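A short write-up of the structure that comes next.
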Amino acid sequence: MTDDRQPKAPVMPADAIETVMLTSAQIRERVAELARTIDHDYEGRDPLLIFVMKGALLFVADLMRELRGNFRLDFMIVSSYGSGTETSGSVRIVADLKSDIHGQDVLVVEDIVDSGLTLTALLDYLRLHSPASIEICTLLSKPSRRRVEVDCRYVGFEIEDRFVVGYGLDFDERYRGLPDIAVLKTPLTAGME
Ligand code: IMP
């Protein structure tokens, strides 16, 4: 008989994963550090965290648990136009914010900034609503892939140009539940980078 009280960890699919890039322990430690910095920077303010579904879901959940300040939460679902994983720079707002961000301190929480096109389009859209301030917190950044400059105030890890999955990040909607961030074996991602 199985014990349902035991936490379930997704099994790392050894045949699909080339290497673990960041372990869950490394991620946990860095998320706590980011939360301390963000708490310090936003002290005495009433900021709104906006996370981008679905990739940033696990990150924002852990970040919020580490934050001491009373952050409000909202989310958006965006889908970027383009072929394969190459974004074109136009985004479609699939689900918009519930909150009115006029005059608000906004912190956008992303999973990964790659070319920077999606985030640039999203920021242009959010700025139309005149927030008091707008900053970006991304767990991962691939600086070598950047096609437009994006000023990310908070970056968890700068990583090399590899396609990664886990901790919310997917490949074709799979692997989001992995506790680590891992590099997929190349045949799976051939033509994707
Ligand atoms: P950008 O517009 O090129 O910066 O695209 C950013 C989006 O592409 C992210 O929010 C992810 O959804 C996706 N993405 C970019 N690199 C990766 C990766 O290595 N693994 C999973 N998704 C990625």
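The values are calculated or read from the model by the stated rules, or taken from the named source; none is laboratory data. Quantities reported herein were computed from a predicted structural model and do not represent experimental measurements. As a convention, Cβ positions derive from the backbone with ideal geometry for all residues, glycine included, and neighbour counts pool all protein chains shown. Just the protein is used for accessible areas: all its heavy atoms, side chains included, with ligands, DNA and RNA removed. Shrake-Rupley method; radii C 1.70, N 1.55, O 1.52, S 1.80 Å.
Summary of values
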{"item": "At 0.890 mPa s and 25 °C, Stokes D of region 110-180 from Kirkwood alpha-carbon radius, µm² per second", "result": "187"}
{"item": "Largest-first ordering by accessible area, 1.4 Å probe, given options Ser141, Ser90", "result": "Ser90, Ser141"}
{"item": "Radius 11 Å from Cβ of Ile159, net charge of other residues (Lys, Arg +1; Asp, Glu -1)", "result": "-1"}
{"item": "Phi-based couplings in Hz for region 105-115 (Karplus 6.51, -1.76, 1.60; Gly and Pro marked x)", "result": "8, 10, 10, 8, 10, 10, 7, 8, 10, 10, 5"}
{"item": "Cβ-based net charge around Gly168, under 11 Å, with every Lys or Arg adding one and every Asp or Glu removing one", "result": "-2"}
{"item": "Helix-only CD estimate at 222 nm, as mean residue ellipticity for the chain, using -39500 (n - 2.57) per DSSP H run (n ≥ 4)", "result": "-6500 deg cm²/dmol"}
{"item": "Rounded Å value of the spacing that divides the Cα centres of region 33-58 and region 147-177", "result": "17"}
{"item": "P(r) tail fraction, the chain - alpha-carbon pairs more than 21 Å apart, %", "result": "52"}
{"item": "Per residue solvent-accessible surface (Å²) - region 19-148, probe of 1.4 Å", "result": "49"}
{"item": "Label point distance in nm, Glu158-Ala95, each placed 7 Å from Cα along Cα→Cβ", "result": "3.4"}
{"item": "For Glu110, residues with placed amide H under 5 Å, excluding near neighbours", "result": "Cys137, Thr138, Leu139"}
{"item": "Accessible surface of the chain [probe 1.4 Å, protein heavy atoms]: carbon and sulfur percent", "result": "50"}
{"item": "Whole-Hz couplings from phi, Karplus 6.51/-1.76/1.60, listed for region 162-169; x for Gly and Pro", "result": "10, 7, 10, 9, x, 6, x, 7"}
{"item": "At least 18 Å along the helix axis (C-alpha) and Kyte average at least -1.0, DSSP helices within the chain", "result": "24-41"}
{"item": "Distance between modelled label sites at Met64 and Ser24, nm, 7 Å Cα→Cβ extension", "result": "2.0"}
